[in-house]
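Everything on this sheet refers to the single structure shown next.
The values are calculated or read from the model by the stated rules, or taken from the named source; none is laboratory data. Computed from a predicted model, the values in this text were never measured in an experiment. Glycine also receives a Cβ, built like all others from the backbone with ideal geometry; neighbour counts cover every protein chain displayed.
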Amino acid sequence: MGLRYRAENENLRSHINTLRAVIAGLFVVILVLWHGWEDAKKDARLFLPPDLRSGGMIHRDDPRPEHIYGFARYIFQLLNYWPRNGEEDYGLVLFKAQNYLTPACQDELRSDLEARAKRGELTDRKRAIHDVPGHTYEESSVEVKGNGVWIARIDFRIEEHVRGMPVKTVDIRYPIRVVAYDVSPEVNPFGLALDCFASPPERIEGSETSRPALPPIFKLGS
């Protein structure tokens with residue numbers, strides 16, 4: 001009897017040790033899964049079609065041409081809005097838009113700001129740009145270059161005043177280079193950035209200017 005009980009105790013002890021090992025293994029698996037859950041993205045960037053009446057296929061991190069156009073239009077208008085004095089406003093809008101510009105484009109615009117300031121071109125200058133009437137988004141407005149690069153061609157009307165006097169009204173087509181930009185969604189929820197111009201802007205025939213137009217704030221992008 002004593003030998004039988006001793007053998008049963010040994011079996012129970014061995015079974016308990018096996019269960020402890022299984023529990024320890026499960027605990028390790030739970031820790032790994034928890035760590036993966038914590039590291040997983042809490043936010044997913046989805047680009048929704050502008051018109052959902054007919055439905056649409058939605059892909060994560062896949063901007064459509066209309067999204068590229070809208071993004072480029074919004075940021076470019078922000079950069080060209082100087083409501084009080086270009087000497088101060090230009091620098092302020094560059095700061096506001098810095099997370100939506102590539103480093104090369106930021107450097108280019110800062111150099112342009114310094115050069116214009118030295119020449120006195122920004123003093124008491126107000127600037128705003130608007131859509132050219134009748135010129136809206138079309139499929140041909142955005143060229144898909146691939147590998148996260150797009151060219152958005154947008155028609156804008158530039159209006160400038162100096163000391164209350166109108167000095168420029170001109171319609172220009174801007175070929176704005178847009179690139180995929182992997183930064184924190186907290187500072188750039190679009191995941192896109194402007195990379196200045198893909199080619200020189202072109203004046204739209206039929207537009208008028210009261211004085212010779214100053215060059216646009218962008219130069220050529222890289």
> Looking at region 164-199, which of its residues are among the aliphatic types (A, V, I, L, M) and part of a strand (DSSP E or B)?
Replying inline: 165, 167, 170, 172, 176, 178, 179, 180, 192, 193, 194
> What is the number of the single condition among (1) within 18 Å of residue 72 (Cα to Cα); (2) among the small types (Gly, Ala, Ser); (3) without any contact (Cβ under 8 Å) to a residue 24 or more places away in the chain that residue 115 does not meet?
Replying inline: (1)
> Of 149, 142, which residue is under 16 Å from residue 196 (Cα atoms), surrounded by fewer than 20 Cβ atoms within 10 Å (Cβ to Cβ) and of a type in the set (Val, Ile, Thr)?
Replying inline: 149
>> I'd like to verify a number: residues in region 86-107 that are out of contact with any helix residue (DSSP H, G or I) (no Cβ under 9 Å at 6 or more places or on another chain), free of Cβ contacts under 8 Å to residues at least 40 places away in the same chain and not acidic (Asp, Glu), how many?
In response: 3
> Can residue 195 be described as modelled with pLDDT under 90 and in the same structural domain as residue 97 (by TED's automatic domain parsing)?
Replying inline: no
>> Taking the conditions exactly as written (buried (at least 16 other Cβ atoms within 10 Å of the Cβ) and in contact with a Pro (Cβ under 9 Å, 6 or more places away or on another chain)), does residue 202 satisfy them or not?
In response: no
> With respect to the numbered conditions (1) over 13 Å from the mean Cα position of the chain (by Cα); (2) charged (D, E, K, R); (3) loosely packed, with under 14 Cβ neighbours inside 10 Å, which one is the sole condition not fulfilled by residue 173?
Replying inline: (3)
>> I'd like to check something: does region 105-113 contain any residue that is surrounded by 14 or more Cβ atoms within 10 Å (Cβ to Cβ) and acidic (Asp, Glu)?
In response: yes
